[in-house]
Every structure is written in C-alpha cells, then in structure tokens.
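The values are calculated or read from the model by the stated rules, or taken from the named source; none is laboratory data. Note that the structure is a prediction, hence the values are computed from the model and not measured. Using ideal geometry, Cβ is built from the backbone for each residue, glycine included, and neighbour counts are taken over all protein chains shown. Just the protein is used for accessible areas: all its heavy atoms, side chains included, with ligands, DNA and RNA removed. Shrake-Rupley method; radii C 1.70, N 1.55, O 1.52, S 1.80 Å.
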Amino acid sequence: KAIRKSSLKLCTSLFKSYGTSRRWQGALSLLGEMRRAAMQLDPVSCAAAIGACSKAAQWQRSLWLLRKALEEGPRPNVVAWSIAATACEKSAQVEQAFKLAAEMQEASVQPDVIFCSTLMAACEKAQQWSRALHTFASMQSWRLQPNTVAFNTAITACSKGQQLAHATQLFADMRAGHCVPDVVTFSALITACERGDAAPQALQHFDDMCHEGVVPNAVTYGALMGVCHVSHKWRRALQLLGEMWQAAFAPDRFAYVAAMGACSKAHSWPEALDLLAEVRSRSIPLDIVMCGASISACERGHLWPFALQLLAEMDDARIPPNQITYNACVSACTHARAWASACILLDSMQARLLEPDVVSRKLVVQACLASGKIPLAKELFADWHAKK
C-alpha cells in the first residue's frame, strides 16, 4: 500500500511536469500505463491530469477526463472542476464553461471563488458582461466572499462591455467589503472611464491609486493616454509620457499617437510636432494614425508646406494616405490660400483611387475662391455636381 501511495505521488508529479511543458500526450500515455497497472487515481492526481491537458489548451480532453472521472472515479473535487473551466476559458469556450457549471451543480459540488472567477473571465472574453455580473451575484447565494481577483474579473468584464456605471458600483462594493484594490482593479476602472467618456473620474482613480501606493503599469498608462486623447488634455498627456519614461515603461507608438492627438485636438500644434520629432529621434516607426495626427496639427497651425512634406514622407515610408489624411492636407492648403497645391492634392487622391468626398471638394473650391480663381472654382463645382 505504501509503495502504491508513493507511486501515485510520483505520477501526480509527472502529470504536473507534463502540464508545465505542455506535453498533454505524455499525460494521457501515463494514464494508460496506470490503468494497465491497475493503479487508481485519487482526486489530487485526477486534477493534475486534467491540468496537463488544460495548460496545453486541450479543453475537449480536459472535459473528457473530468467526465470519465465522474463515471469511473475518483470523484473530481472543486479544484478539478476549476481546472477544466480554465481550459474552456483559455480557449474562449464560454458555453462549454457554463455547461460545466450546470454539470457541477448536478454532481452536488459546491463552486468556490476560483471557479466563479474563471466563469467570469470566460464571459469577459466573450464580451458578455451581463452574464459575468449574474455569476458575480450568484456567489452571494453560494455564500462565497469575492476576493480581489473576482472583483477585478467582474470589473474588467464591465469595462470591456462599456458599462461604466456597473464597474463603478463594483468598485464601491469592493471598498465596502474591505477588499484591497490592486493595479488590475484601477487599470480596469480607468479603461472603463476611457470608454465611458469620463475623463475626470479616470484621472481621479489614477490619483487615488498613486496615493494608496499602487504602482501603475503599462496598461494603466495606456488607458490614461486614451483618456487624455479623447478629452484633449494635452498637458496631462505630456506629463504622463514623461512619467512613463521615468518608470521604465518605454511609451509605444499608441501612447505617442494619443498624446499627439490630444495636442492636435487642443490646437497645441507646436507640442504635437515636437512629439513627432521625438518619435523620429527614438526610431519609433510611423504609422497612418501618427502621420494623420501630425498633419492635423499642421492644419491647425496653418503649416501647409510641412503638411505636404509629411504626406511625401508617408510615400517614402510606404504608408498609404487615406481620405482623412488628404482632407487635413487640403484644409491646411485652403487656410493658406494655396489653391494650386489643393488642386494637386485632389488629383493625387483620384490617382490613388480615393474618391474625394464632400469635405475635400468644398475645401478646394473655397481655396480657389479665396485666391480669386473664380473660373476654376466654377469648373470644379460643375464637375463635382456632374459626378453626383
């Protein structure tokens, strides 16, 4: 009996090793050898075998092993059920995860906080925030006390579903339950505020987390940069960029795009162009959004030659300009009464098979009228109506 017990512990260790190395085939082979040797699994080794398949993203095999254990023994414990649910969650199989939850109730196994958190994580991936909230509410009927992970998962599900009110209420419940929020909590809340157009609330959460000694991570800063972008808070965006460098979180192009967009929308075009120079000095690759934000800054600063230069650089970098980019360039030329350049841009759009829209055509006509090119303006206007 002692030898058999020692052998079972060895097999459990092997299952865990197979899980760590994602070798699910080895775990199934070991199960076959155990059966041939008439060795019975216990709940711990059973969970380890399921875990080996789960970690290798083999959710079907994880469920098969769990259900086989239900039929033949040993009776799976809540850990085994949670591991199988994790396999479904990691593979975005939300319906399978909830089917598993129903089977768990039929087997009279009490869910724990880990199992419920896994179900909510599956809902988060499937963009099913209401289902995640229902699962969270069910924890009370099971007399389970949500921990930080459970709250974080529910808040993140609401954040991804653009449900700021629900995310805020969950955070209030978390505080009331004396559950300590961490960086994941605050990052999810700030993201919810970004998507819910609640910039003051997002910035307050950031100030609170710093005051409470919670260190921001890259996700936190990324969400905050998005908040600054949509709310035109360019000074705060520049401050955050500096903080990211100080905290050894090298800002990526998305952070710079957000900062440049905030500066551009706030008509702080010198700062936007300074950021473009910084991007170049740090060898961060340009993209269509970054170039668009820079050209928009040139438009607002009436720097039409620089806007045209940026458009040419996009060609050199093999970044195809879109209609928004062209319209910003045309607008910059129109403000400067550079009618010839505006007309050339209109022709360039058509050469690229980009059909000029109402905005671009109106701007070119305005540039011609402002420059006294009345016949040309009439010709363009007539051509525009003929193509309608």
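Expressed as a whole percent, the accessible area of the chain that falls on carbon and sulfur atoms is 56 (1.4 Å probe). In this structure the chain gives 49 Å² per residue of accessible area when probed at 1.4 Å with all protein chains present. Rounded to the nearest 10 degrees, the inclination of helix 78-90 to the longest alpha-carbon principal axis of the chain is 30 degrees. Placing +1 on the Cβ of each Lys and Arg and -1 on the Cβ of each Asp and Glu in the chain, which of Asn77, Ala121, Gln145 has its Cα farthest towards the positive end of the resulting dipole? About the Cα centre, the residue reaching furthest to the positive side is Asn77.
In the elastic network of the chain, a GNM with C-alpha springs shorter than 10 Å, the most mobile of Ile319, Ile190, Ile155 is Ile319. Inter-part distance, the range 251-295 to the range 306-346, computed on C-alpha centroids, equals 17 Å. Springs between Cα atoms under 10 Å define the GNM used for the chain, and in it the highest mean-square fluctuation of Val257, Val79, Val44 occurs at Val44. Rounded to the nearest 10 degrees, the inclination of helix 94-106 to the longest alpha-carbon principal axis of the chain is 30 degrees. Rounded to the nearest 10 degrees, the angle from helix 218-231 to the longest Cα principal axis of the chain is 40 degrees.
Reported to the nearest whole Å, the Cα centre-to-centre distance from the range 115-193 to the range 25-46 is 38. Would you mind telling me which residue in Ser264, Ser91, Ser82 has the biggest mean-square fluctuation in a Gaussian network model of the chain, where springs connect alpha carbons within a distance under 10 angstrom? For the chain, modelled as a Gaussian network with Cα springs under 10 Å, the answer is Ser91.
Loop-located trypsin sites (Lys or Arg not before Pro) in the range 83-160 (DSSP state not H, G, I, E or B) with no more than 13 neighbouring Cβ atoms inside 10 Å: Arg143.
Partner aspartates and glutamates whose Cα lies under 18 Å from the Cα of Lys233, excluding those fewer than 8 positions away in the same chain, are identified as Glu194, Asp197, Asp207, Glu243, Glu271, Asp274. Against the criterion of solvent-accessible heavy-atom surface with a 1.4 angstrom probe, Lys265, Lys9 sort, most first, into Lys9, Lys265. Under the shape rule built on the C-alpha gyration tensor, where the axes satisfy a ≥ b ≥ c, the range 303-354 is oblate, since a/c reaches at least 1.5 while a/b does not exceed b/c.
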